[in-house]
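Each reported figure results from applying straightforward, stated rules to the coordinates on display, with no laboratory input. Because the structure is predicted, anything quoted here is derived from the model rather than measured. Glycine gets a Cβ as well: all are built from the backbone with ideal geometry, and neighbour counts include every protein chain shown.
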Amino acid sequence: MTEQKKLFDEISKLSTEQRNPNSTEIDSLPTKEILKIINDEDKTVPFAVEKELPYIEEAVEIIVHALKNGGRLLYFGAGTSGRLGVVDASECPPTFGTPYGMIDGFIAGGEAAMFRAQEGAEDYEDYGAKDVEKAKVTAKDVVCGIAASKRTPYVIGAVKKAKEIGAKTLYVTCNPRETFDIEEVDVAMCPFVGPEVVMGSTRMKSGTAQKLVLNMLTTTSMVRMGKTYENMMIDLQMTNKKLVERSKRIVMTITDVSYEEAGEYLDKADGHVKTALVMILADVDLDEAKVRLDKADGFVRKAIK
């Protein structure tokens, strides 16, 4: 059997490549009915993710431990999966104040693949392994492979190399857990969403499921690391006018100070929302607020007690 025929047979068996019986007549339907089918199928995605919560919990514990001990969370994916990883990683610094590089995303084909498909870039395990080496992955890091089909060579290569180095490894796929055959992955998260509305278009339900999982991984990890107060993000970076005003509003909401006072405290705290909050809530100066936050491991609740 040729390599091409083996690949054909492998792909043919994937759930993400099957026909969806609920959308077989989609090409003959009016717009309203097409939208209804897509919407009905999308409604099933959160329930598929819900079944994976125990595994997502395991993954979060691994991530938090790594980030607290000098490690990084690194996503590796191709196509839609790769773009989702890059997007999730890129939004962590402005949202949660993480240092650039602590959470990072890598896509088969490099930066150009974010905007235009780089055909063939995902077809070789070596490419994934080389990107892991370029990222200087160490045993402190966590490498998370993302592949709707689970079989993407680039992703498998990255995960294998990371495991070889001694890093913790995670995997997000939308094929059933029982078909997961990548050896020695620490935690696999497998929200099974079934066939897509348009056969093989994994940017749809599979992409949505992956996005939900990545949201959970980083957001929950950040909450566990003291990046929020109640349900408000308090470690954001004031890097644009919107974030400056959001920072003021957060300080005002939590402390009941005026708009002007919020701005003054943020200026004194060099734009650091957490520090401004501790200064106000604990009625301490800048230096004392910093000491308290350091002792409290960055948690405002602990720092003000």
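General observations
- Check on MET233, within 30 Å of GLY82 (Cα to Cα), surrounded by 19 or more Cβ atoms within 10 Å (Cβ to Cβ) and hydrophobic (A, V, I, L, M, F, W, C): yes
- Of the residues making up segment 235-284, just one is over 20 Å from ALA296 (Cβ atoms) and among the aromatic types (Phe, Trp, Tyr), namely TYR259.
- Search result, residues across segment 216-233 that are under 16 Å from VAL64 (Cβ atoms) and in contact (Cβ under 8 Å) with a residue 24 or more places away in the chain: MET216, LEU217, THR218, THR220, SER221, MET222, ARG224, MET225, GLY226, LYS227
- Selection over segment 86-117 of residues that are farther than 21 Å from TYR229 by Cα, among the aromatic types (Phe, Trp, Tyr) and touching a residue at least 24 places away in the same chain (Cβ under 8 Å) gives a count of 1.
- Restricting attention to segment 17-63, the residues that are closer than 23 Å to CYS144 by Cβ and of a type in the set (Gly, Ala, Ser) total 2.
- In segment 129-153, the residues that are among the aliphatic types (A, V, I, L, M) and surrounded by 15 or more Cβ atoms within 10 Å (Cβ to Cβ): ALA129, VAL132, ALA135, VAL137, VAL142, VAL143, ILE146, ALA147, ALA148
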